[in-house]
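**Student:** Pasting in a structure now, in structure tokens, and then I'll have a few things to ask.
The values are calculated or read from the model by the stated rules, or taken from the named source; none is laboratory data. Everything numeric here is computed off the predicted structure, so don't read it as measured data. Cβ sites come from the backbone with ideal geometry, for glycine too, and all protein chains shown count toward neighbours. Just so you know, the surface numbers come from the protein's heavy atoms only, side chains and all, with ligands and any DNA or RNA stripped out. Shrake-Rupley method; radii C 1.70, N 1.55, O 1.52, S 1.80 Å.
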Amino acid sequence: QVQLVESGGGLVQPGGSLRLSCAASGFTVTDRNYAMSWYRQAPGKERELVAGIESAGGTTNYADSVKGRFSISRDNNKNTVYLQMNSLKPEDTAVYYCNARRGVFIFRDYWGQGTQVTVSS
């Protein structure tokens, strides 16, 4: 079955960097039927899309709030998707979730357990 396991969260000072990892199993991250994304949810707020990468061509997209600071990528050999986060701000504090979406018009979402990112001095 599909499983997503995130890692790499932690406490970092403003301006610092972290790299989150999402190890996938039960499918391959290059499978055309899946799209991979990172979401985040801060306390009292709705879950929001941070970054996404298409399986086929590797096209990426980002929320305006993270453009130029975050980068999503994947390692096909390790079947892992990454989120490199630079120039972190306190408002980036949230639980970050890896998402795999199978399908387009009719779809199913798979989620990891989440990893906490705290940006504070």
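**Student:** I want the antiparallel fraction of DSSP beta bridges within the chain, as a percent rounded to 5.
**Tutor:** Numbers: 41 of 44 bridges.
Beta bridges within the chain, antiparallel portion: roughly 95 percent.
**Student:** Applying the Karplus parametrisation 6.51 cos²θ - 1.76 cosθ + 1.60 with θ = phi - 60° to the phi angles of region 97-113, what ³J(HN,Hα) value in whole Hz is obtained for each residue in order, glycine and proline being reported as x?
**Tutor:** So the Karplus estimates, Gly and Pro as x, are 10, 8, 10, 10, 10, 9, x, 10, 6, 10, 9, 9, 9, 10, 10, x, 7 Hz.
**Student:** Karplus couplings for region 74-80 from phi (6.51 cos²θ - 1.76 cosθ + 1.60, θ = phi - 60°), rounded to Hz, Gly and Pro as x?
**Tutor:** 8, 10, 5, 5, 8, 6, 10
**Student:** If I stretch the segment between residue 42 and residue 101 completely, what's the gain in nm (0.36 nm per residue apart, minus their alpha carbon distance), one decimal?
**Tutor:** Here the answer is 19.1 nm.
**Student:** Can you give me the accessible area per residue for the chain, using a 1.4 Å probe, in Å²? Could the numbers behind the result be given before it?
**Tutor:** Details: 6640 Å² over 121 residues.
Here the residues of the chain average 55 Å² of exposed surface.
**Student:** Quote the relative contact order of the chain in percent (integer), defining contacts as alpha-carbon pairs under 8 Å separated by 6+ residues.
**Tutor:** Contact order relative to length: 36 percent.
**Student:** Grab the other residues whose beta carbon is less than 13 angstrom from that of residue 6, score K and R as +1, D and E as -1, and report the net. It would help to have the intermediate numbers written out before the result.
**Tutor:** On the way: positive: 19, 40; negative: none.
Summing Lys and Arg as +1 and Asp and Glu as -1 gives +2.
**Student:** If you place +1 on the Cβ of every Lys and Arg and -1 on the Cβ of every Asp and Glu, how big does the dipole about the Cα centre of the chain come out, in debye to the nearest 20?
**Tutor:** Details: 13 positive and 10 negative charges, 23 e Å.
Using only the charged Cβ atoms, the result is roughly 100 debye.
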